[in-house]
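Let me begin by presenting the structure, written as structure tokens, before commenting on it.
Every read-out reported here was derived from the displayed coordinates using simple, explicitly stated rules and does not represent laboratory data. For clarity, every value in this text was computed on a predicted model and none was experimentally measured. All Cβ positions, even for glycine, are placed from backbone atoms using ideal geometry, and neighbour counts span all protein chains on display.
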Amino acid sequence: MKTIPLFIWIILCHDASSDCGCQNPDRKTTSDKPALPEQVCHQREHGAHSHYRDYYGELETEPEVVDMSLIPGGTVFVGTDNPHFPADREAPERQVKLEDFFLDKYEVSNDAFAEFVLATNYTTEAERFGDSFLFKTLLSTSEQRDFEDFRVASAVWWYKVPGVSWRHPNGVDSSLDNLGRHPVVHVSWRDAVEYCSWAGKRLPSEAEWEVACRGGKERKLFPWGNKLMPRDEHWLNIWQGDFPDGNLADDGFEYTCPVDGFRQNVYDLRNMVGNVWEWTADLWDANDVSENPNRVKKGGSYLCHKSYCYRYRCAARSQNTEDSSAGNLGFRCAKNA
């Protein structure tokens with residue numbers, strides 16, 4: 001398997017240009033509180049955005065679009081001219097033309113992925129490889145010692161751990177108990193493509209994902225606007241505290257939250273930013289013809305914090321190789337309108 005060169009970030013604490021290592025857990029990069037009530041976007045269901053509801057309305061009950069939102073196309077802005085991570089190629093801001101499309105309201109859950117596996121007898125790449133990447137706080141002190149030689153060199157809080165997979169998301173002895181409505185993790189890009197195909201859907205393009213994230217707004221940081229905590233409320237699941245050892249979980253979740261958790265814009269999309277990274281269809285380098293290219297992922301995860309990984313913005317982006325999997329990486333599906 002060919003190894004794709006990755007951008008290696010200098011890890012500097014409290015520096016917005018540094019990195020959490022989310023794009024580093026590729027294979028071969030190792031050195032051998034109670035939950036809060038559901039937060040919702042405080043937009044009126046009708047009124048200012050009734051044009052969208054009228055546009056969407058009658059399709060809402062069709063069986064093939066259950067739990068999906070219709071995203072209006074047109075000529076729209078993507079990217080930003082003020083990137084926080086230039087090496088992530090967030091710039092330049094540009095216009096693209098999109099057709100209308102449907103996008104899942106929710107990230108694919110463990111329950112949904114289990115239905116797919118039951119129907120197809122599919123085995124994920126992490127299961128075939130026999131390992132996946134796990135964040136350090138999910139490992140005991142002794143486990144961290146045992147797997148010390150299997151850390152990501154440039155992000156030592158990521159460990160490649162045997163026996164971890166979507167069935168055992170938080171460690172080899174963990175299970176999916178009480179996690180059915182949480183996002184499936186430890187799924188590679190190829191696993192996501194297989195699921196989407198089985199469901200009669202596809203992965204969204206990066207542009208589709210970003211336009212859906214923006215919720216009809218232009219030049220806004222987040223799906224709801226520019227302020228991280230409107231009304232001093234948490235609108236997404238990210239890290240609070242000191243990384244990588246002091247997650248205060250002020251948003252109610254130390255790790256993932258349910259897929260129907262934070263409603264973030266008028267398209268009724270949940271957890272577009274935060275919770276888990278989401279695979280898109282796009283190549284990181286459009287000219288990459290290797291066997292295991294990097295693919296674009298969007299949205300950041302519960303491990304993101306502005307001091308080191310300000311990637312929970314609609315325009316932010318990162319990448320992993322197609323066969324990569326980790327405990328903060330999932331996906332949602334799209335469908336042509």
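One table, with the values for the structure above:
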{"item": "Rounded if a/c under 1.5, otherwise prolate or oblate - the stretch 73-208, Cα gyration tensor axes", "result": "oblate"}
{"item": "Rh by Kirkwood over Cα pairs, then Stokes-Einstein D for the stretch 50-336 at 1.306 mPa s and 10 °C, µm²/s", "result": "82"}
{"item": "For 198, 284, 235, order by how many other beta-carbon atoms lie within 10 Å, fewest first", "result": "198, 284, 235"}
{"item": "The stretch 154-282: C-alpha gyration tensor shape, a/c 1.5 cut-off, then a/b vs b/c", "result": "oblate"}
{"item": "Under Karplus coefficients 6.51, -1.76 and 1.60, residue-wise ³J(HN,Hα) of the stretch 108-116 in Hz, glycine/proline x", "result": "5, 8, 4, 4, 5, 5, 5, 4, 4"}
{"item": "Fewest-first sequence of 99, 143 by Cβ atoms within 10 Å of each Cβ", "result": "99, 143"}
{"item": "Cα-Cα over 18 Å, subset of 227/306; 97/217; 136/306", "result": "136/306"}
{"item": "Pairwise centroid distance, computed over Cα atoms, of the stretch 164-232 with the stretch 242-258, Å", "result": "17"}
{"item": "Relative packing of peptides 319-331, 154-166, 68-80 - highest average C-beta neighbours within 10 Å first", "result": "319-331, 154-166, 68-80"}
{"item": "In nm, spacing of pseudo-spin labels at residue 67 and residue 245 (7 Å Cα→C-beta vector)", "result": "4.0"}
{"item": "3J(HN,Hα) from dihedral phi, the stretch 127-140, Karplus parametrisation 6.51/-1.76/1.60, rounded to Hz, x for glycine, proline", "result": "5, 6, 5, x, 6, 7, 8, 10, 6, 4, 5, 8, 10, 6"}
{"item": "In the stretch 171-227, the trypsin sites (Lys or Arg not before Pro) that fall in loop regions by DSSP, at most 14 other Cβ within 10 Å", "result": "219, 227"}
{"item": "Total formal charge among the other residues, if their Cβ is under 15 angstrom from that of residue 74, Lys/Arg +1 and Asp/Glu -1", "result": "-1"}
